[in-house]
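No value in this document is a laboratory result; all are computed from the given coordinates. Because the structure is a prediction, the values reported are computed rather than measured. Glycine gets a Cβ as well: all are built from the backbone with ideal geometry, and neighbour counts include every protein chain shown.
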Amino acid sequence: MKKHSKLIGAAAAGMLAVLAVAAPASASTYTVTYPGPHAGDLCTDEPNYCDGSASFVRDGEHLLVWDNNADGHSVMVMYYRSDSGNTQIRDWNQYGYGSRLDINMSLPESGWVEYRVCLGEYPTQTYDMNSCSGWLHESAS
């Protein structure tokens, strides 16, 4: 009996939680996983260095946003995409420490994204400008 419950416990601990997130009206789809902290290509700035981070993955056009600190703040990614004109988009990882928001952007192969990452408060949709990283421009191909 003890061996059986250890196996069940190990299997449960090894599972990766996945949460589907309702998407706003856009070409993007959203998924949340809990892989743990990760320093992305961009990190929030001092004094909260890398409490939030983001990376763009060309293969499949995914913008990933991590919450790396159990500080009660949400992580916001602000971006422009080649197929949305001058519209600035803000997406929030409000899912807590260790979570990763995966934004599947479905960009055209000749497309691009320009993004930065900041800390903020999801309920009020406000962010700390001093925590924001610089901007990074990446092409989809």
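Side notes on the structure shown:
- Percentage relative contact order, region 17-139, counting C-alpha pairs under 8 Å, at least six apart: 27 percent
- Kirkwood Rh in Å, taken over region 76-141 so that all alpha-carbon pairs contribute: 12.9 Å
- Surrounding net charge for residue 110, when Lys and Arg each add one and Asp and Glu each subtract one, Cβ distance under 14 Å: -2
- Ranked packing of 93-100, 50-57, 134-141, most packed first, by mean Cβ within 10 Å: 50-57, 93-100, 134-141
- Modelled spin labels at residue 46 and residue 141, positioned 7 Å past Cα toward Cβ, are 4.1 nm from each other.
- Each Lys or Arg adds one and each Asp or Glu subtracts one; over the other residues with Cβ under 11 Å from the Cβ of residue 141, this totals -3.
- Summing Lys and Arg as +1 and Asp and Glu as -1 over all other residues whose Cβ lies under 13 Å from the Cβ of residue 125 gives a net charge of -2.
- The residue among 42, 133, 75 whose Cα reaches farthest toward the positive pole of the charge dipole of region 17-139, with charges on the beta-carbon of Lys, Arg, Asp and Glu, is 75.
- The peptide list 126-132, 115-121, put in order of mean Cβ contacts within 10 Å with the highest first, becomes 115-121, 126-132.
- A compact globular protein would have a Cα radius of gyration near 2.2 N^0.38 Å; the ratio found for region 17-139 is 0.96.
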